[in-house]
Ligand code: MSP
């Protein structure tokens, strides 16, 4: 079995400070990366910044900086966000790096070689903010301005000499690929959108610009700058040391297992990118997953509405595990979802503090008080104890399946339910009643509940890594043992060592906070 797994986030425009939407894409990808690692995969997780193009050049000019200096500064804020969000990315790519130039040049040359590029003149609409070309029927007039129907951003008329990619020639090849690879675009609804778009017919794509200079020049015609999307998409290969296709990284990790992206950039990833790759005679990624939008109080977050939730503020005030958990619990992956401070607080209190947090704290303090701080051995488990333990063990395959289908919400629901059941079991079994009259029974109850805490913590570790590590370390399970395969093992609990101390896991949030 192929035990390598390559997962990517979009590379972010360093045009302003990172916001919740960026944090969301990255957190989702990190959760899948972490899950695959504890499943035993050798994971490569890539993120980075997309630094060329007119949008960045303009933003730099506005700030009176040269584009490189501007990118150096803002890219650094995205790099530090990876630490703040506790991401486990193995690499951080910047499109202004040498390794990326080499790779983009090779892609361009391969497209020339395959005969899929020609020189002509582009005239049409362009949105600098989206770095995208739009057809006449994709724009509307709003307050006297032409804007894109899908993104609402302003478009301008462009007329200039341009190299074109023969995208029109790839319509059938793409449709064929979608048909043969049902999971290439997920979720299903997005797949349908892409298929019907491609079926309407594809136009050749302008892949160079001459009206600005910030980007990678076309190899044999330096007055042209390569279209920023052709440049940006290639990052996924640059990080594998492409064009050296004999490189161990390229050999191990291409084709990528999954590109995690937002739905707004689906067309680039599900149409342009596979077409470029087919033309370049390279294998296609296995999956493109387009998640929905994070809305703030039902509205799209935007500077003008003043409803932007700053991920860094939230992490500082409530904690990173809390933000990670909330985003994936609250928003159904694939659909748009609204977030609010009110819901965040409720979620921290109900799911984290009252459920999982409370379970761990009360069980550990009971063991400290009554069992000399050691997890008791169990002489015999009742059918009910076994049923509880087996319920998680027997569902491991189902849970892996949910993650492989990116069904994070169902996954979390199941795991939270295990935690709920464990709390209930502890209440209903009343171990305190057996302390004197039947210590063996008390020990079996405690053993059962710690086994559950161990397994629930392993399952939650990709989502709330800091808290689960604290819990597992308290029961003397080391980081290297945080593995899915250890859910099935009965002998991981060490009865000889004392429990470590555990601070409060999740502080309850008061309502006026
Ligand atoms: N630079 C391109 C991506 C190139 S990938 C080869 C880009 N960058 S971006 O910074 O504008 O956006 C990056 C990601 O953030 C996109 O996937 C986008 O969908 C996501 N989000 C930005 N705002 C968002 C929300 N409000 N909600 C969820 N994600 C959104 O596009």
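Of all the residues that make up the stretch 1-27, how many are more than 7 Å from the ligand (Cβ to nearest atom) and outside any strand (DSSP E or B)? Residues meeting the conditions: 11. Only one entry in 188, 171, 154 is assigned by TED's automatic domain parsing to the domain that holds residue 225 and within 26 Å of the chain's Cα centre (by Cα), namely 188.
Among the residues of the stretch 275-285, is there at least one that is in a helix (DSSP H, G or I), in contact (Cβ under 8 Å) with a residue 60 or more places away in the chain and away from the ligand (no atom under 15 Å from the Cβ)? Yes, some residue in the stretch 275-285 is in a helix (DSSP H, G or I), in contact (Cβ under 8 Å) with a residue 60 or more places away in the chain and away from the ligand (no atom under 15 Å from the Cβ).
Do we have residue 232 as buried (at least 22 other Cβ atoms within 10 Å of the Cβ), touching a residue at least 12 places away in the same chain (Cβ under 8 Å) and more than 12 Å from the ligand (Cβ to nearest atom) here?
Against the criterion (buried (at least 22 other Cβ atoms within 10 Å of the Cβ), touching a residue at least 12 places away in the same chain (Cβ under 8 Å) and more than 12 Å from the ligand (Cβ to nearest atom)), residue 232 does not qualify.
Of the residues making up the stretch 377-395, those that are buried (at least 17 other Cβ atoms within 10 Å of the Cβ), at pLDDT 95 or above and within 30 Å of residue 503 (Cβ to Cβ) number 4.
If you take the residues in the stretch 187-208 that are part of a loop (DSSP other than H, G, I, E, B), in contact with a helix residue (DSSP H, G or I) (Cβ under 7 Å, 6 or more places away or on another chain) and more than 22 Å from residue 55 (Cβ to Cβ), which one is farthest from the ligand (Cβ to nearest atom)? Ranking the qualifying residues of the stretch 187-208, first place goes to 201.
Given the criteria surrounded by 15 or more Cβ atoms within 10 Å (Cβ to Cβ), farther than 30 Å from residue 82 by Cα and over 31 Å from the mean Cα position of the chain (by Cα), does residue 108 qualify? First the steps, then the outcome.
Values: surrounded by 15 or more Cβ atoms within 10 Å (Cβ to Cβ): yes; farther than 30 Å from residue 82 by Cα: yes; over 31 Å from the mean Cα position of the chain (by Cα): no.
So residue 108 does not fit the description; no.
Exactly one residue among 215, 201 is farther than 23 Å from residue 285 by Cβ and surrounded by 14 or more Cβ atoms within 10 Å (Cβ to Cβ), and that residue is 215.
Could you list, in sequence order, the residues of the stretch 209-225 that are in a strand (DSSP E or B) and either under 31 Å from the mean Cα position of the chain (by Cα) or under 27 Å from residue 45 (Cβ atoms) (or both)? 225 - this is the single residue of the stretch 209-225 that is in a strand (DSSP E or B) and either under 31 Å from the mean Cα position of the chain (by Cα) or under 27 Å from residue 45 (Cβ atoms) (or both).
Residue count for the stretch 67-77 under the criterion of being more than 27 Å from the chain's Cα centre (by Cα) and either buried (at least 18 other Cβ atoms within 10 Å of the Cβ) or not assigned by TED's automatic domain parsing to the domain that holds residue 18 (or both): the result is 1. The lone criterion from (1) away from the ligand (no atom under 16 Å from the Cβ); (2) in the same structural domain as residue 192 (by TED's automatic domain parsing); (3) farther than 27 Å from residue 160 by Cβ left unmet by residue 318 is number (2). With the requirement that a residue be touching a residue at least 24 places away in the same chain (Cβ under 8 Å) and surrounded by fewer than 14 Cβ atoms within 10 Å (Cβ to Cβ), what does the stretch 467-494 give you? Correct list: 485, 488, 490, 494. For residue 258, the criteria (1) away from the ligand (no atom under 14 Å from the Cβ); (2) in contact with a helix residue (DSSP H, G or I) (Cβ under 9 Å, 6 or more places away or on another chain) hold in every case but one, which is (1).
Residues are listed down the side, and each one gets a yes or a no for (1) closer than 30 Å to residue 217 by Cβ; (2) touching a residue at least 12 places away in the same chain (Cβ under 8 Å); (3) more than 18 Å from the chain's Cα centre (by Cα); (4) crowded, with 20+ Cβ neighbours inside 10 Å:
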residue	(1), (2), (3), (4)
22	yes, yes, no, yes
27	no, yes, no, yes
50	yes, yes, no, yes
53	yes, yes, yes, yes
65	yes, no, yes, no
79	yes, yes, no, no
92	yes, yes, no, no
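Can you tell me which of 423, 455 is surrounded by fewer than 20 Cβ atoms within 10 Å (Cβ to Cβ), in the same structural domain as residue 362 (by TED's automatic domain parsing) and closer than 13 Å to residue 360 by Cβ? Only one candidate qualifies: 423. When you scan the stretch 246-253, do you find a residue that is touching a residue at least 40 places away in the same chain (Cβ under 8 Å) and within 12 Å of the ligand (Cβ to nearest atom), even just one? Looking for residues that are touching a residue at least 40 places away in the same chain (Cβ under 8 Å) and within 12 Å of the ligand (Cβ to nearest atom), one finds none in the stretch 246-253, hence no. Residue 45 meets all of the listed conditions (1) in contact with a strand residue (DSSP E or B) (Cβ under 7 Å, 6 or more places away or on another chain); (2) within 25 Å of residue 212 (Cβ to Cβ) but one, namely (2).
Just checking, does the stretch 290-305 include any residue being in contact with a strand residue (DSSP E or B) (Cβ under 8 Å, 6 or more places away or on another chain) and more than 12 Å from the ligand (Cβ to nearest atom)? Yes, the stretch 290-305 contains at least one residue that is in contact with a strand residue (DSSP E or B) (Cβ under 8 Å, 6 or more places away or on another chain) and more than 12 Å from the ligand (Cβ to nearest atom).
The values are calculated or read from the model by the stated rules, or taken from the named source; none is laboratory data. If you're wondering where the values come from, they're calculated on a predicted model, not measured in any experiment. For neighbour counting, all protein chains shown are included, and Cβ atoms are generated from backbone atoms with ideal geometry for every residue, glycine included.
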